[in-house]
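To keep things clear, I will list the structure first and then write my remarks on it.
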Amino acid sequence: MLELLGNNSWVVDKVLVATWETIYMVLISTVLSYLFGLPLGIILVTTAKNHIMENKGLNRVLGSIVNAARSIPFIIFLILLIPLTRFVVGTPIGTVASIVPLTIAAIPFVARMVETSLKEIEWGLVEAAVSMGANNSQVVSKVLLPEAMPSLLLGIAITAINLVGYSAMAGIVGGGGLGTLAYYYGYQRYEDTVMWITVIVLIILVQGVQMLGDNLAGKIANKRR
Amino acid sequence: MIEIKNLSKIYATAGQQVLALDDVSLAVKKGEVFGIIGLSGAGKSTLIRCINMLEKPTQGSITVDGREITSLGMGELRFARQKIGMIFQQFNLLSSRTVFDNVMFPLEIAQVPRAEANKRVQELLELVGLTDKAGMHPGQLSGGQKQRVGIARALANGPKLLLSDEATSALDPQTTRSILKLLKDINRQLNLTILLITHDMNVIKEVCDRVAVISNSRIVEIGDVLDVFSNPQTSTSRSFVNAVINHEVPAELLHSSTERNGETTTRLIRVSFIGASAGQPLISSMVRRYNVDVNIIYGNIDRIKDTPFGNLTLEIIGHPQLLQEAFDYLRGQGLEIEVLTNA
Ligand SMILES: Nc1ncnc2c1ncn2[C@@H]1O[C@H](COP(=O)(O)OP(=O)(O)OP(=O)(O)O)[C@@H](O)[C@H]1O
Ligand SMILES: [Mg+2]
């Protein structure tokens with residue numbers, strides 16, 4: 001690969017910068033999407049029928065919003081959210097600006113992932129806690145979240161991987177990172193090398209995130225066995 | 001300790017209504033081990049779950065230790081629940097925590113200061129004999145050990161009442177016995193009232209002082225375990241008792257024992273005895289006094305708590321007049337005689 005690059009050392013610089021931008025976007029938007037998506041997922045689970053905070057109305061409303069948001073393709077999200085992004089960040093273009101649509105698109109996804117993880121917890125564990133006099137927040141923080149931890153970690157990995165893909169899409173409309181690099185040099189200037197390097201870096205990133213997730217989840221699950 | 005009055009519970013599911021408890025009234029005394037037995041679907045779990053309001057009663061009231069559970073606000077109820085321990089068939093231990101931290105869990109809920117809680121957990125682990133397993137995760141324990149953790153956890157906040165929902169149903173007979181012994185021990189040591197439900201009459205026999213038989217959502221019989229065993233009043237109770245103690249006499253015996261032979265008559269009787277008389281040689285003194293012959297067909301002696309109890313099926317051969325006197329003699333000694341055949 002180095003040979004392929006030849007004396008094009010500017011490519012290396014560009015790729016390094018773009019990779020960092022992608023990691024930065026993905027990292028921040030993963031964190032932010034969990035900041036909102038985790039509580040949302042918890043509410044989706046606990047307000048469901050027969051759960052600790054059963055609330056049919058709230059559950060249905062939130063469920064519908066999440067479903068609606070999830071049915072909008074990301075590329076449409078990007079365009080729809082331009083005014084909001086401009087308002088929050090000041091500009092719809094660049095790495096920081098991309099974080100807004102990435103985060104907002106990921107929130108409903110995260111909510112469903114969290115919901116799925118928490119639903120797997122045996123109901124008997126919740127009941128045991130309730131029978132000891134636990135309140136709702138104790139049930140969530142001491143039973144649901146710790147018990148679901150391996151599954152939640154895998155969910156984070158999947159979310160981050162999705163966001164790597166989304167960030168590349170955002171890059172095409174000026175979002176920065178590897179997507180922008182591939183688009184400018186690969187598509188507009190026919191620099192195949194840059195295109196391929198981008199692809200390889202993306203593969204490595206995704207593999208890395210997945211391995212990290214599997215590893216952490218596996219370690220925790222093993223300890224409990 | 002527990003006073004249940006006119007408790008009814010109706011489950012409403014998808015257009016269907018299930019009457020799970022029908023006007024149940026029950027009183028459990030302080031310090032006793034009270035058993036509730038019934039077939040699957042009879043309403044046992046519903047009843048025990050109403051006591052800590054895991055199920056909300058449709059009607060009726062439940063008082064635990066002088067407080068009407070059914071009328072408490074949410075905060076008060078949570079506080080009351082801290083003083084009602086519960087153990088489960090499936091143990092329901094947290095896999096995310098070690099044995100030690102599982103026992104710590106209810107203390108965290110009750111916000112007991114850390115140092116005090118640590119000490120308490122140590123004591124509890126000692127009580128249930130799991131000190132050496134403190135650092136393990138539940139997945140590494142056997143069923144019996146898991147239930148010991150469950151018991152330690154249930155006792156953490158010093159409850160006055162322990163509810164047990166089929167706590168031994170997932171265990172083998174030997175482990176069941178050791179868990180029941182532990183329950184009995186803590187009942188005595190801590191003067192803890194225990195309400196347990198089961199479908200196994202052996203469990204009732206081993207640990208309970210009193211028993212209620214529940215059938216089709218209603219309590220059909222209630223009494224001292226010994227009384228219910230020796231003299232079950234309903235067919236449900238009888239079938240439970242028979243599952244443990246064989247009262248039935250094979251049909252062919254009933255026929256073969258009816259013949260008459262000259263001066264003597266043969267009768268098949270069942271002698272039931274409870275308590276001290278089981279230790280006395282009554283049968284042999286009857287044989288001597290009334291000059292009858294005795295053939296032991298079937299016998300069963302058991303212990304309920306510390307009282308021997310059982311029955312003997314005897315073939316007695318002798319002069320009809322003397323036979324009658326012999327039976328009266330046994331009755332006079334406090335035995336219960338049932339004549340199974342009449343020649
Ligand atoms: N959550 C529920 N919703 C609807 N019906 C229920 C519910 N829980 C129990 N039932 C019904 O109530 C009746 C009594 O159930 P319960 O669980 O109390 O029986 P049980 O005596 O504990 O039986 P088992 O020995 O099988 O545990 C059954 O007919 C059951 O189907
Ligand atoms: Mg049950």
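The values are calculated or read from the model by the stated rules, or taken from the named source; none is laboratory data. These figures come from a predicted structure and were not determined experimentally. Every residue, glycine as well, gets a Cβ built from its backbone with ideal geometry; the counts of neighbours run over all protein chains shown. Quick note on the areas: whole protein, heavy atoms, side chains included, nothing else; ligands and nucleic acids left out. Shrake-Rupley method; radii C 1.70, N 1.55, O 1.52, S 1.80 Å.
What the table shows:
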read-out	value
Filter result for B:R97 (open to solvent by 20 Å² or more (accessible area, probe 1.4 Å), within 14 Å of chain A (Cβ to nearest Cβ) and of a type outside the set (D, E))	yes
Members of region B:19-34 found to be crowded, with 22+ Cβ neighbours inside 10 Å and away from ligand 1 (no atom under 12 Å from the Cβ), listed by number	B:V28, B:V33, B:F34
Qualifying residue in region A:26-47 (condition: buried (at least 19 other Cβ atoms within 10 Å of the Cβ) and not in a helix (DSSP H, G or I))	yes
Test result for B:K146, over 21 Å from B:Q82 (Cβ atoms) and more than 16 Å from ligand 1 (Cβ to nearest atom)	yes
Residue match in region A:207-225 (condition: among the β-branched types (V, I, T), in contact with a Phe, Trp or Tyr (Cβ under 9 Å, 6 or more places away or on another chain) and touching a residue at least 60 places away in the same chain (Cβ under 8 Å))	no
The listed residue being at negative phi and either touching a Pro at 6+ places or on another chain (Cβ under 6 Å) or more than 16 Å from ligand 1 (Cβ to nearest atom) (or both), out of B:I69, B:I37	B:I69
Scan of region A:169-201 for residues that are within 22 Å of the chain's Cα centre (by Cα) and either of a type in the set (D, E, K, R) or buried (at least 21 other Cβ atoms within 10 Å of the Cβ) (or both), ordered by number	A:A170, A:G171, A:G175, A:G176, A:G177, A:L178, A:G179, A:T180, A:L181, A:A182, A:T198
The one condition in (1) surrounded by fewer than 18 Cβ atoms within 10 Å (Cβ to Cβ); (2) away from ligand 2 (no atom under 16 Å from the Cβ); (3) within 14 Å of chain A (Cβ to nearest Cβ) that B:V103 fails to fulfil	(1)
Selected residue [under 17 Å from B:T168 (Cα atoms) and among the hydrophobic types (A, V, I, L, M, F, W, C)] from B:L39, B:L47, B:L7	B:L39
Any hit, region B:194-206, residues being out of contact with any Phe, Trp or Tyr (no Cβ under 8 Å at 6 or more places or on another chain), outside any helix (DSSP H, G or I) and either within 14 Å of chain A (Cβ to nearest Cβ) or away from ligand 1 (no atom under 16 Å from the Cβ) (or both)	no
Hey, B:E76 open to solvent by 40 Å² or more (accessible area, probe 1.4 Å), over 17 Å from A:A129 (Cβ atoms) and within 14 Å of chain A (Cβ to nearest Cβ) or not	yes
Among (1) within 16 Å of ligand 2 (Cβ to nearest atom); (2) more than 13 Å from B:M1 (Cα to Cα); (3) among the hydrophobic types (A, V, I, L, M, F, W, C) - the single one B:A12 does not satisfy	(1)
Within region B:33-50, tally of residues that are away from ligand 2 (no atom under 16 Å from the Cβ) and either out of contact with any Lys or Arg (no Cβ under 6 Å at 6 or more places or on another chain) or over 22 Å from B:L180 (Cα atoms) (or both)	1
Within region A:66-155, helices (runs of 4 or more DSSP H) holding 3 or more residues that are among the β-branched types (V, I, T)	A:74-80, A:82-89, A:95-119
Scope region B:301-333; condition within 18 Å of B:Y290 (Cα to Cα) and outside any helix (DSSP H, G or I); matching residues	B:L314, B:E315, B:I316, B:I317, B:G318, B:H319, B:Q333
Count of region B:3-55 residues which are within 14 Å of another protein chain (Cβ to nearest Cβ) and within 23 Å of the chain's Cα centre (by Cα)	10
Filter result for the condition that a residue is touching a residue at least 12 places away in the same chain (Cβ under 8 Å), of a type in the set (S, T, N, Q), within 11 Å of ligand 1 (Cβ to nearest atom) and open to solvent by 30 Å² or more (accessible area, probe 1.4 Å), over B:Q16, B:Q89	B:Q89
Any hit, region A:33-45, residues being over 19 Å from the mean Cα position of the chain (by Cα) and farther than 19 Å from A:V164 by Cα	yes
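Quick grid of which residues meet (1) open to solvent by less than 20 Å² (accessible area, probe 1.4 Å); (2) among the aliphatic types (A, V, I, L, M):
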residue	(1), (2)
B:A167	yes, yes
B:A170	no, yes
B:K181	no, no
B:D185	no, no
B:T193	yes, no
B:L196	yes, yes
B:D200	no, no
B:G223	yes, no
B:T234	no, no
